[in-house]
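These notes concern the structure reproduced below.
The values are calculated or read from the model by the stated rules, or taken from the named source; none is laboratory data. Computed from a predicted structure; not experimentally measured. Glycine gets a Cβ as well: all are built from the backbone with ideal geometry, and neighbour counts include every protein chain shown. Surface accessibility is based on the protein's heavy atoms, side chains included, excluding ligands, DNA and RNA. Shrake-Rupley method; radii C 1.70, N 1.55, O 1.52, S 1.80 Å.
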Amino acid sequence: MMTLQIHPIPAFRDNYIWIIHNNTHAVIVDPGDASPVIDYLQFNQLQLQAILITHHHSDHTGGNTLLLDRFDVPIYGPKQETISTVSHPVQEDETVHIPTLSLALEVIEIPGHTRGHIAYFGSLQGHQERNILFCGDTLFACGCGRIFEGTPQQMYQSLQKLADLPEDTLVYCTHEYTLANIAFARTVEPNNIDLEKREHCTKQLRSENTPTLPTSIAIEKACNPFLRCHQPEIIKTTSQYAGKMLNEPIAVFTALREWKNNF
């Protein structure tokens, strides 16, 4: 069995469209733009098998129509959202099977950023098994998505659901926001040594124009303030921002997200 590969296809200013392939067949995740996807498929002589969508925003779905004009493939997407190009609506506890890639991805519902946002979780087989997560705009490297349609409670619970995945899970989110997110995180938790080291590594990667993704659940639990709302230093700084003592993690999270919105 050939080991599957995952590569980012840059799009727009800071999007990544993820492609999973085995040098013959491929699956695309969140193609906001069709042109770089088509170029990548043609250059690498890959046969598109399916498209996976995490939520309805146009920078994740905008390439669907043109891709369907060229490739007769299923498009999987959230059942709780209306996306005209989605042929296979899916929800939690369902699994997307791609036989040509020997790939099975479980659907996880993670509302908050949008009403019906979903993620895809599975494992890649090979000489070393790897857990993988495609989580759209919910969990970012050292951050989380804005709350457009859901509630802070929903987003908090969605992030906790992802944090409960195996710590070795590789996280493939869809924006290169890492350096900006780290700047905020260091303001919130300035004494986090893991975060300081991560900032140094991330600056090196970006200076080389190298993607900072994937990250991992373990790294995010060590550095991401939105997964660390129980930490004393974060409680203290966020309470200072809010102007009152915040005693519950959800209250810390809500104030933290508001702080990041205005950072």
Residue in the range 132-153 that is nearest to the chain's Cα centre (by Cα), counting only those that are within 21 Å of Arg198 (Cβ to Cβ) and either at pLDDT below 95 or β-branched (Val, Ile, Thr) (or both): Thr138
Odd one out for Cys229 among (1) within 30 Å of Asn131 (Cα to Cα); (2) assigned to a helix (DSSP H, G or I); (3) in contact with a Phe, Trp or Tyr (Cβ under 9 Å, 6 or more places away or on another chain): (2)
Single condition Gly116 does not satisfy, out of (1) within 24 Å of Gln153 (Cβ to Cβ); (2) touching a residue at least 60 places away in the same chain (Cβ under 8 Å); (3) open to solvent by 30 Å² or more (accessible area, probe 1.4 Å): (3)
Count - residues of the range 232-250 that are open to solvent by 40 Å² or more (accessible area, probe 1.4 Å) and part of a loop (DSSP other than H, G, I, E, B): 5
Flag for Phe253 being of a type in the set (Phe, Trp, Tyr), touching a Gly at 6+ places or on another chain (Cβ under 9 Å) and either surrounded by 21 or more Cβ atoms within 10 Å (Cβ to Cβ) or in a strand (DSSP E or B) (or both): no
Single residue of the range 163-201 satisfying the filter (touching a helix residue (DSSP H, G or I) at 6+ places or on another chain (Cβ under 6 Å) and crowded, with 20+ Cβ neighbours inside 10 Å) that is farthest from Tyr241 (Cα to Cα): Thr169
Cβ pairs under 6 Å, 6+ apart, first in the range 26-51 and modelled with pLDDT of 95 or more, second open to solvent by 20 Å² or more (accessible area, probe 1.4 Å) and outside any loop (DSSP other than H, G, I, E, B): Val27/Gln49; Gly32/Asp59; Ala34/Leu66; Gln47/His25; Gln49/His25; Gln49/Thr100
